[in-house]
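Student: Mind having a look at this structure? Questions to follow.
Derivation of every value follows stated rules applied to the coordinates shown; laboratory data play no part. What you see is a predicted model; the values in this text were computed from it and never measured. Virtual Cβ from ideal backbone geometry, glycine too; neighbours counted across all protein chains shown.
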Amino acid sequence: MTEMLAFAAGHVFVGRVSLSRLPVSRGMTVMMAGLLAMGSPALAQNPPADDDLFAPLPPIPDADKPLPEEPAEPLVLPPVEAMDPALVAPLPPLATFDPAPRTDISFTNVASDGVRYRVTVEGLQPTGLESNFRRLSALYRGQNRPATAAQLAARANADKQLMERLLFSEGWYSATVAVQTDFETEGEADIRLIVVPGERYSWREIVLDLIPANRPELAQGFGLQVGDPIRAVAVEEAEGALLLKLNSNGYPFAEIGVRDVVLDTDKPTGTYLLTGDIGPQGVFGDIKLTGYRPFNEQHAQVIARFRPGQPYDARLVDDFRRALIATQQFGGVTVSPVDTGIRDAEGRAVTEMQVLGNRGPQRLLTGQIGYATEEGFRLEGSWRHRNFIEPEGMLTTRAVLGTEEQRASAALSFGNFRQRDRTLDISADLANLDPAAYSAQQFTLGVGIGRASTPIWQKRWTWNAAFELGISRERGKGVTLDLDPDSGRRDFLFASLPLWVGYDRSNDLLDPTSGYRLRVDVNPEVSREGTNVETYARLFLEGSAYQGVAKSTVLAGRARVGAITGADLLKIAPTRRLYAGGGGSVRGYDFQSVGSLGVNGLPVGGRGLFESSVEVRHRFGDFGAVAFVDAGSVNKDVGPSFSDVRFGAGVGARYFTSFGPIRIDVARAINRSKLDPPFALYISIGQAF
């Protein structure tokens, strides 16, 4: 259908010609269109209204007259070319198809099924890639299993391509690899991979097009240097380090563009060109929480170590993200810089920090059951709500049912309390205790504020200050020759102010291999029994050190001393005295059994304490072995004593996981008492110290 517009005397004429229905030539179509354009304007006006719109139309004159027949010119078609005989030839039968992939293997004899083979690599050792190739090789993986000729061909092809990729990734771009296979005897084959590395390519020129001419210091320390081998891993590491450097030096929107590596044809060198856009410099703006909101933006600003207006630094952003994860409120969280479009007085982009997180599990129910030769049966369960009171008010309830301990406790802990990494703890504890040295029923209330390390965030300085108020009814089990007030039940009311500070220079919280730790505890206490009031202080000093002595072998040592000053031993409540022995003290001995014993052979406790341990730790893969010797003593007088030291020795095994080593120790007391078992088994998470 062809549609045309024509203009005449201020009128518009529309003509449509159907070329598919009218047997007219191209010239006829043009003539008809011209006639429409020159028609009378009257024909373009609307016809008068007809009373009967459905009346039949008038007949068209000469409509039945046949059209004149004109002789048509004959149509001449081009000659048909002869068809290629290969196109019409029958296909070969499927039985003649060889499914084996094409390969560079040259067979000297026909290989049969079940061929065992040996692999030899020649010429790869100078490149230093042979160990990587052996680890990834398909031929080496199947070397001890029979293979068909098709399998050998596929493995050889795969290994040839693997070797070429390894060589190219390390700059050996002119290397050639050939594979030869010889069948000397029936059922056996020798496969040789022959490598000619050629010359190794190196960088001739390094160009960082994205670095502005006025900021050349941003390019300093770039990981690629002229003369270095062209290595794919080095290129990726250098680009990643450059992006991190840009982000850490005030460029939040820097982007690494396309790299261009051109190898020279006349010598083994290449040129490196890196494009991109570093964008505007930026400063920190406000924090905006999107998605799950366990707290508001004000509390998020307490967690962050940056403040609005401070130059942008990606390291502070990553620190902020890790701190958000450590709150245990999020299942996952991302922190992204967003350009607000606002510029400060220096033209730097004000960057909003957008936090997008999803809700993590808020409630946690745990339980454990066990039996130990020292403590007997023990069943423990706890329930935790991680955001019971916003912000970060975690409620933990705990119950213990055991042979020597029955306990119910609740604690409310506020993380990042008005300052990053500071914790406020409020606790209540009701316990019935029956260890070897005493039996006691006590109720304690406590409140404390401090800063402690976690497996996610190990801190150099830690501290804690608390106040405790408690009441107890207890009885000491060790009977002395003196007038012993412990023979009956005694009621105590006590108040204490526990204070401690720690300094940690070790390299890991749960598995240190170097460095040292120090801790000092000062616990002043006031105790009242009836009308008798005693004021004394519990003092402790503890240190540990770690030193690598050989590959995968660490020598670790620990020492702890303690003293109670200001009151006589028997005027101090049995639960507040000093004891040693057990898993966290001198392994191999019963809990609290190290030190002076009463006439009935049960522990009395003391006012002086000494503990020490030496361990040799060796790791092989995900497993480890430990040999250790522990020593300790408890003195009735003030301060530690070295005159009656007890020793324990043993061995242990370690299984290293992502959250720390699982520890299994077996120990035996060297100078045992009747309270001590022949052997003691300890299972825990983390090293002993």
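Student: Does region 162-317 come out rounded, prolate or oblate by the C-alpha gyration tensor, with a ≥ b ≥ c the root eigenvalues, rounded set by a/c under 1.5 and, if not, prolate when a/b is larger than b/c and oblate if not?
Tutor: oblate
Student: Name the residues whose placed amide hydrogens come within less than 5 Å of the amide hydrogen of Ser453, ignoring near sequence neighbours (fewer than 5 apart) on the same chain.
Tutor: Amide H to amide H, under 5 Å and 5 or more residues apart or across chains, Ser453 pairs with Lys459.
Student: With each pseudo-label sitting 7 Å past Cα toward Cβ, what's the Arg118-Ile256 distance in nm, one decimal?
Tutor: Placing both labels 7 Å along Cα→Cβ, they lie 4.5 nm apart.
Student: Taking the Cα-to-Cβ direction at Leu445 and at Gln301 and moving 7 Å from each Cα, how far apart do the two end points lie in nm?
Tutor: 3.5
Student: Calculate, for Val520 and Asp344, the FRET efficiency according to 1/(1 + (r/R0)^6) with r their C-beta to C-beta distance and R0 51 Å; round to the nearest 0.05.
Tutor: 0.65
Student: Follow-up question, since we're still on this one. Could I have the simple spin-label model distance between Phe168 and Arg398, label points 7 Å from Cα toward Cβ, reported in nm to one decimal?
Tutor: In this crude spin-label approximation the distance works out to 5.9 nm.
Student: First measure r as the distance between the Cβ atoms of Ile471 and Trp383, then evaluate 1/(1 + (r/R0)^6) with R0 = 22 Å and state the FRET efficiency to the nearest 0.05. Let's see the in-between values first.
Tutor: Details: r = 26 Å, r/R0 = 1.18.
That pair, Ile471 with Trp383, gives E of 0.25.
Student: Determine the equivalent ellipsoid of region 363-685 by diagonalising the alpha-carbon gyration tensor, then write out the semi-axes as square roots of 5 times the eigenvalues, largest first, rounded to whole Å.
Tutor: The equivalent ellipsoid of region 363-685 has semi-axes of 30, 27, 20 Å.
Student: How fast does region 255-307 diffuse by Stokes-Einstein, in µm²/s, taking the Kirkwood radius from C-alpha pairs at 4 °C and 1.567 mPa s? Walk me through the intermediate numbers first.
Tutor: Numbers: Rh = 15.8 Å.
Answer, rounded: 82 µm²/s.
Student: Between Glu237 and His618, what FRET efficiency comes out of the Förster formula 1/(1 + (r/R0)^6) with R0 = 35 Å and r the beta carbon distance, rounded to 0.05?
Tutor: The pair His618/Glu237 has a calculated efficiency of 0.65.
Student: What dipole magnitude, in Debye to the nearest 20, does region 202-277 give about its Cα centre under +1 on Lys/Arg Cβ and -1 on Asp/Glu Cβ?
Tutor: Dipole size: approximately 140 debye.
Student: Provide, in order from the shortest bin, the percent of all Cα-Cα pairs of region 527-609 in each 10 Å bin, continuing until the bin that contains the maximum pair distance.
Tutor: All Cα pairs, binned at 10 Å, distribute as 15, 36, 28, 13, 6, 1, 0 percent.
Student: State the extension gain, in nm to one decimal, for the chain segment bounded by Glu81 and Asp286, taking 0.36 nm per residue of separation less the distance between their alpha-carbons. List each step's numbers first, then the result.
Tutor: Values: separation 205, 0.36 × 205 = 73.80 nm, distance 7.77 nm.
Length gained between Glu81 and Asp286: 66.0 nm.
Student: Which loop chymotrypsin sites (Phe, Trp or Tyr not before Pro) in region 372-410, with loop taken from DSSP, have no more than 13 other Cβ atoms within 10 angstrom of their Cβ?
Tutor: Answer in residue order: no site qualifies.
Student: Okay, moving on. Take peptides 548-555, 417-424, 279-286 and line them up by average Cβ neighbours within 10 Å, highest first, as a rough protection proxy.
Tutor: On the way: 548-555: 12.5, 417-424: 15.5, 279-286: 19.2.
Highest-to-lowest ranking by the protection proxy: 279-286, 417-424, 548-555.
Student: Could I ask something else about it? What does the extension gain come out to for Ala649 and Leu365, with contour length at 0.36 nm per residue minus their alpha carbon separation?
Tutor: 98.5 nm is the gain from fully extending Ala649 to Leu365.
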